[in-house]
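Q: The structure that follows is given in the form of structure tokens.
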Amino acid sequence: MKNKLIVATLFTVLSTGVMAQESASKETGYYAELGLGQAYFKQGDTNFNNTMAEIKVGYSFSKYIAAEVLLGNNLNSSDINYNGTNVNAKISSAYGGYGKFSLPVNDGFSLFVRLGVTDARLNATSNLGSDWSSGFDFSYGGGAQFNFTKEIYGQIDYMSYYNKNNVSVAGPSISLGYKF
């Protein structure tokens, strides 16, 4: 009887350790997000916005610190009038790398800030021809994360992707993520 009690106690202690490790494993490890964002472009009196599909892949070092990369691709373009010429403009792609710093409020909700760099490409076409430009700049933003389960979560955020030489690109996004 005494041996059965010792075995049961050891099993309970070991299984509790395994369950605690399983629970903690979702605070660290890889994750991926799929989202939609708005990219608002502004240069002087010229402005337009595009919808972007976003993929983010990252690694959480702890529940407070993560590193991630972004790939954004355009889903539409905008027709604008630039100095009397009709132009079809779009932010065709964006790439970025960020540090993500989170503050868990409770198990289901956290606030975060994101700091890093973004490279974006702008394409413009008119009856006079076409042109493109790309820019690389410091990026920052913040948002909130809602944990639906240990693996699945949703996010809303607002980012400033580019802001120099009288040109700015910023906007909100919403995404759904999975923790591996």
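Q: Which whole-angstrom value gives the distance between the alpha carbon centres of the stretch 58-137 and the stretch 142-178?
A: One Cα centre to the other: 10 Å.
Q: Label-point separation (nm) for Lys63 and Asn88, each offset 7 Å from Cα along Cα-to-Cβ?
A: Here the modelled spin labels are 5.0 nm apart.
Q: Mark the label point 7 Å from the Cα of Phe146 along Cα→Cβ and return the residues of the stretch 62-104 whose backbone N is within less than 20 Å of it.
A: Under cut-off, by backbone N: 102-104.
Q: For Leu75 and Thr46, compute 0.36 nm times the residue count separating them, minus their Cα-Cα distance, and round to one decimal in nm.
A: 8.4 nm
Q: Still on this structure, I have one more. Per the 1.4 Å probe, what fraction of the accessible area of the chain, in percent, lies on carbon and sulfur atoms?
A: Numbers: 6710 of 10780 Å².
Percent of accessible area from carbon and sulfur atoms in the chain: 62.
Q: Compute, for the stretch 118-180, the length of the dipole vector about the Cα centre, with Cβ point charges of +1 (Lys, Arg) and -1 (Asp, Glu) only. Units Debye, rounded to 20. Intermediate values should be presented prior to the final figure.
A: Details: 4 positive and 5 negative charges, 29 e Å.
Computed about the Cα centre, the dipole is about 140 debye.
Q: Using only Cα atoms and rounding to the nearest 10 degrees, what angle (0 to 90) does helix 2-25 make with the longest principal axis of the chain?
A: 10
Q: If you put +1 on each Lys and Arg Cβ and -1 on each Asp and Glu Cβ, how big is the dipole of the stretch 71-150 around its Cα centre, in Debye rounded to 20?
A: On the way: 5 positive and 5 negative charges, 47 e Å.
Dipole magnitude for the stretch 71-150 comes out near 220 debye.
Q: In addition: Charges on Cβ only, +1 for Lys and Arg, -1 for Asp and Glu, centred on the Cα centroid of the chain; of Gln38, Asn73, Tyr140, which one is farthest towards the dipole's positive end?
A: Result: Tyr140, furthest along the dipole toward the positive end.
Q: Something else now. State the number of lysine pairs found in the chain whose Cα atoms come within less than 29 Å, restricting to pairs 8 or more positions apart or on distinct chains.
A: 23
Q: Moving on to the next point. Any idea which of Gly97, Gly108, Leu122 is furthest toward the positive side of the dipole for the chain, if Lys and Arg beta-carbons carry +1 and Asp and Glu beta-carbons -1?
A: Gly108
Q: Using the Cα centre as the reference, give the magnitude of the dipole from point charges on the C-beta atoms of the stretch 25-83 (Lys, Arg: +1; Asp, Glu: -1; all else neutral), rounded to the nearest 20 debye. Each step should come with its number before you reach the end.
A: Numbers: 4 positive and 6 negative charges, 40 e Å.
Charge dipole of the stretch 25-83: 200 debye, to the nearest 20.
Q: Further question on the same structure: Just the accessible area per residue of the chain, please: how many Å² with a 1.4 Å probe?
A: Roughly 60 Å² per residue, with all protein chains present.
The values are calculated or read from the model by the stated rules, or taken from the named source; none is laboratory data. Quantities reported herein were computed from a predicted structural model and do not represent experimental measurements. Virtual Cβ from ideal backbone geometry, glycine too; neighbours counted across all protein chains shown. When the accessible area is computed, the model is the full protein with side chains, heavy atoms only, and any ligands, DNA or RNA have been set aside. Shrake-Rupley method; radii C 1.70, N 1.55, O 1.52, S 1.80 Å.
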